[in-house]
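The values are calculated or read from the model by the stated rules, or taken from the named source; none is laboratory data. In this text the structure is predicted, and so the values were computed from the model without any measurement. Glycine also receives a Cβ, built like all others from the backbone with ideal geometry; neighbour counts cover every protein chain displayed.
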Amino acid sequence: MLSLLLLIPFLGSLLLVLWPGQPAPGLMRKVAILVLCLQVAWSGAVLLAFDPLQGGLQLQETLPWIQGIGLTYSLAIDGLSLPLVLINGALSLVAVICTRDISQRPRVYFALLLLISAAVNGAFLAQNLLLFLLFYELELIPLWLLISVWGGAGKAMAATKFLIFTAVSGILILATFLALAVLRGSVDFSFLPVTSEQLGLSSQLSLLAMLLVGFGIKVPLVPFHSWLADAHTQASTPVSVLLAGVLLKLGTYGILRFGLGLFPEAWAVMAPWLAIWAAVSVLYGSLAAIAQRDMKRMVAYSSVGHMGSILLAAAAATPVSLLGAEFQMVSHGLISALLFLLVGIVYRKTGTRDLEVLRGLLNPERGLPFTGTLMILGVMASAGMPGMSGFISEFLVFRGAMSPFPTATLLCMVGSGLTAVYFLLLVNRVFFGRLAITPTAPDPLRHSRLDILLAPVAARETIPATALAMAVVVMGVVPALLGTLSESTTTAMARIPAIVQALASQGVG
Amino acid sequence: MPVIPELLTRSGGQPAAAELERRLLAGETLLADSPTHVMQVVDVLESYGIVLDAYSRNLIYQAEQQFLNPFPVFKYLDGDHSPAKIWRHLNHDRINFEYAEYCMRAMLWHGTGGLDAYLDGQPFHQSCEAIIRCKTQRDPLLAVLNPLFPEFLPELIRTAATTHALGQFWRVMSDLFIDLAEAEHQGQLASVEAIVEFIKDGLVAAAANPITYQVSVAGQPFWILPPEAGLTFLVDVAVPYVEAVFLRGTPFLGTVSFNAQAQQISPDQRAFAYGALYADPLPTMGAGIPPSLLMQDMFRHLPERLHHWYQEQGRGEGDVRVKICMSFQKAMFCVTNAAIRGTFPHPLSTADAAERSANQAYAAAWASRLSQARTDCLDALDDAMPRLEVAVAGQA
């Protein structure tokens, strides 16, 4: 059943590549939409088949592949990965829908998008370390191509930076997995936790540190974040949607699944430092966002801040904080995708994202009022306003982490408060006041009288953003929809370190 | 490839006061002459004429039939209380009479000219006393309110007098604008100059029309603006109206930063410059922007020719009210132009040095105020304005 989640986009990608003749870009887009609709529908079928009360892995599929090196084709799903699979399908569909007017190699473009969707699904479903790594690396090249071919003016530099950072990330993760196998003395790449019986604590700590740096690059956590803002700035809107909404989640998923799951003992030792790291990341991301004048870079840095709180939740590893981490992953996926879509609309219509240039886009007849309305909703959700998904996720993270790490949690709360600062700056500058899309002229009177002629935003252009905004509100009003899916799994995960510690304190291990 | 923001902006020139003064003294029009300007001004004034007709009837109805009514719930229905009319009203299928009241209040608040002077005088007070005496004998609520707030009922009567006077003023203007459109349709007008001249002639012809107002309380007639007060159309109502609505106006939320405590609004009411000639058309349809009501009303009665032209411009019907506002501003410059022309102290062709000097001072005073107004609308840019989708096609 789960294999189809990989096969549908893979075959779709292949179909696009092998499509005979020179098909029109519109046709390629329609085929990609159809394939992704199938993928979303099948994700829905998996959702129906999933038993949320069961905390463990479900719908398992195992096939021996290259047994000599311990590579097994092993897929399964649990409450941690299912929401991410669902959001991957949805955001891939959004990315394809919001790709318009693509004239350059549409066939390859859509094929790469489908390939990324398949690889991400594979990474979330893989139950073998090498298989995970295979999928983790598989999305790298397509994304690099999407930035370097279809990106903005500085795409070469941004794409190379992205490639170098994420390649290092992959190498570190691979090195960790291999070292683990070597130190364990077996080629078993299953997800079983490592105990001190198998491996000394110092070795565990070293491996965990490598893993954290590897996934920390992907999340990204400060100081490994510098590729993100450049990649977002140069990537087209659909690629930014995928990058922020889905691909960053691979990093946090890896931290939760492998950092916490493989090295529970070392995790317990390192957790206080991780909480501090999270606080630094959140504060740095938020403060950097305040300083930005490009809307896209501001949203990108807000990602650094918000993804940092997932590390805090993981460090605390309480049932509530881990549920909060799951909520934050989904919520951040939806909100950042929404914000990137809206920034994309603003850029397409005005030709700029400069906060020093744009003014008054909420203007009812000449501006982009509906886009502005959705943007205000999006930034409110991002700032954690009650009634939207951002509130639920941040509340759960902070509630869960407050008891073990009060100082780090308070610092993260300050960072979360800063979200309101930079997004209010954004909304106030870009959407309020007198409509303007040019830098203030030397003659302010003349500038204040410019007649602005922006193309209107067609209703169909805002359908994906409207759908995401509705999802953000629904998740905020009925959090149980996601909570019931993930609660059993996250509660079970929270028990792992506790069990290990209990065993260790009794001298059994 | 993204659009270049500069492609999406444009602005007309802003002539200096000296240039405006020169145009006024040379008998030139302020608004540039172009076929689209003629079409915009004539058609927007035609729809304005239709709307003013409704405003005028309603203001006169309110002043006469809803006089001192403490709960004027049906004041916008012009006396037609049929269920169909009430349903249309509730459904907002109606003219926004609130805009007419807004203009009336601007006039009342700025209070310039002969009408305001009369409303502060002794004869008016005496009329008020007589009316209040008669009214309070029959209305217990007003009988209680009057001793508690002795200025309340006189102020309501002032409001009613201004309402009626504005109704009479707009009656004349409505007919004038509809006649103007008719003349243009018959081919009698083909230039901005001819439009300004037509309006000037209409204003001059109506200049001496008496402004009077009589109410009936309990079947007993009372003069509020009696004929012997000698109030006339041009000096006592038209000029204060232009001062209050065209020039001074009121700062409303949405167009200017509105922090009177920080002195962002001049404490000197005479220095106000928020009127129709100064207002920014872009915020039209924003919350709390009263001219939006007028633009919506004019949109309901837009002549087909102008409607079609707007559909070809910018966002088509998406920003039609902003475009109506821009055309309306051009038309109001023509009306102001005509009013200035009609009120020069001496003929422009005079050879007498003293008279020329007086004319020059008069033109300079107007030019100085108008130079701060939205004179950027005076240039003829529209002929070069393509439909937006065409302008940015392939760039977005």
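Taken as a whole, the range B:87-99 holds at least one residue that is on the phi > 0 side of the Ramachandran plot and not in a helix (DSSP H, G or I).
Table: residues versus (1) away from every other protein chain (no Cβ under 14 Å); (2) closer than 18 Å to B:VAL51 by Cβ; (3) buried (at least 19 other Cβ atoms within 10 Å of the Cβ).
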| residue | (1), (2), (3) |
| --- | --- |
| B:ALA229 | yes, no, yes |
| B:VAL235 | yes, no, no |
| B:VAL245 | yes, yes, yes |
| B:ALA262 | yes, no, no |
| B:GLY288 | no, no, no |
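Filtering the range A:8-23 to residues that are touching a residue at least 40 places away in the same chain (Cβ under 8 Å) and either small (Gly, Ala, Ser) or part of a loop (DSSP other than H, G, I, E, B) (or both) leaves A:GLY12, A:SER13, A:TRP19, A:PRO23.
Go through the range B:56-85 and report how many residues are touching a residue at least 24 places away in the same chain (Cβ under 8 Å) and either under 15 Å from B:ILE224 (Cβ atoms) or surrounded by fewer than 16 Cβ atoms within 10 Å (Cβ to Cβ) (or both). Total satisfying the criteria: 8. The set of residues in the range A:340-359 that are facing chain B (nearest Cβ under 8 Å) and either under 15 Å from A:LEU424 (Cα atoms) or in a loop (DSSP other than H, G, I, E, B) (or both) comprises A:GLY351, A:THR352, A:VAL357.
Regarding the range B:297-313, can at least one residue be identified that is touching a strand residue (DSSP E or B) at 6+ places or on another chain (Cβ under 9 Å), farther than 25 Å from B:GLN14 by Cα, touching a residue at least 40 places away in the same chain (Cβ under 8 Å) and not β-branched (Val, Ile, Thr)? Looking for residues that are touching a strand residue (DSSP E or B) at 6+ places or on another chain (Cβ under 9 Å), farther than 25 Å from B:GLN14 by Cα, touching a residue at least 40 places away in the same chain (Cβ under 8 Å) and not β-branched (Val, Ile, Thr), one finds at least one in the range B:297-313, hence yes. Under the condition of being within 13 Å of chain B (Cβ to nearest Cβ) and surrounded by fewer than 22 Cβ atoms within 10 Å (Cβ to Cβ), the residues counted in the range A:409-435 number 4.
Would you mind stating whether A:ALA291 is in contact with a Ser or Thr (Cβ under 9 Å, 6 or more places away or on another chain) and either among the hydrophobic types (A, V, I, L, M, F, W, C) or within 14 Å of another protein chain (Cβ to nearest Cβ) (or both)? For A:ALA291, the condition - in contact with a Ser or Thr (Cβ under 9 Å, 6 or more places away or on another chain) and either among the hydrophobic types (A, V, I, L, M, F, W, C) or within 14 Å of another protein chain (Cβ to nearest Cβ) (or both) - is not met. Here is a check on your reading of the model: is A:THR440 farther than 21 Å from A:LEU283 by Cβ, within 14 Å of another protein chain (Cβ to nearest Cβ) and in contact with a His (Cβ under 7 Å, 6 or more places away or on another chain)? So A:THR440 fits the description; yes.
Checking the range A:276-288 against the condition returns no match, with no residue being more than 18 Å from A:PRO223 (Cα to Cα), buried (at least 21 other Cβ atoms within 10 Å of the Cβ) and either at pLDDT 95 or above or β-branched (Val, Ile, Thr) (or both).
For the range A:112-211, the helices (runs of 4 or more DSSP H) that sit wholly inside it and include 3 or more residues that are polar (S, T, N, Q) and surrounded by 24 or more Cβ atoms within 10 Å (Cβ to Cβ) are A:155-184. Could you tell me whether A:GLN54 is in contact with a Lys or Arg (Cβ under 9 Å, 6 or more places away or on another chain) and surrounded by fewer than 14 Cβ atoms within 10 Å (Cβ to Cβ)? Judged against the criteria, A:GLN54 is not a match. Total residues in the range B:318-355 satisfying the condition of being more than 14 Å from every other protein chain (Cβ to nearest Cβ), in contact (Cβ under 8 Å) with a residue 12 or more places away in the chain and either acidic (Asp, Glu) or part of a helix (DSSP H, G or I) (or both): the figure is 13.
Among the numbered criteria (1) over 18 Å from A:GLN328 (Cβ atoms); (2) away from chain B (no Cβ under 14 Å), which one does A:ARG366 miss? Here A:ARG366 clears every test but (2). Please verify whether the range A:116-137 includes one or more residues that are of a type in the set (Val, Ile, Thr) and modelled with pLDDT under 95. No, the range A:116-137 has no match at all.
When A:LEU410, A:LEU396, A:LEU468, A:LEU503 are checked against the criterion of being assigned to a helix (DSSP H, G or I) and modelled with pLDDT under 95, A:LEU503 stands alone in meeting it. Against the numbered list (1) modelled with pLDDT of 90 or more; (2) surrounded by fewer than 18 Cβ atoms within 10 Å (Cβ to Cβ); (3) in contact with a helix residue (DSSP H, G or I) (Cβ under 9 Å, 6 or more places away or on another chain), B:ARG374 comes up short only at (2). For the range A:444-465, filtered to residues that are surrounded by fewer than 17 Cβ atoms within 10 Å (Cβ to Cβ) and more than 9 Å from chain B (Cβ to nearest Cβ), the residue that is farthest from B:GLY316 (Cα to Cα) is A:PRO444.
Residues that are over 19 Å from A:GLU487 (Cα atoms) and touching a residue at least 24 places away in the same chain (Cβ under 8 Å) within the range A:389-406 comprise A:SER403, A:PRO404, A:PHE405, listed in sequence order. Within the range A:291-317, the residues that satisfy the criterion of being touching a Pro at 6+ places or on another chain (Cβ under 9 Å) and either aromatic (Phe, Trp, Tyr) or part of a helix (DSSP H, G or I) (or both) are A:SER303, A:VAL304, A:MET307, A:ALA315, A:ALA316.
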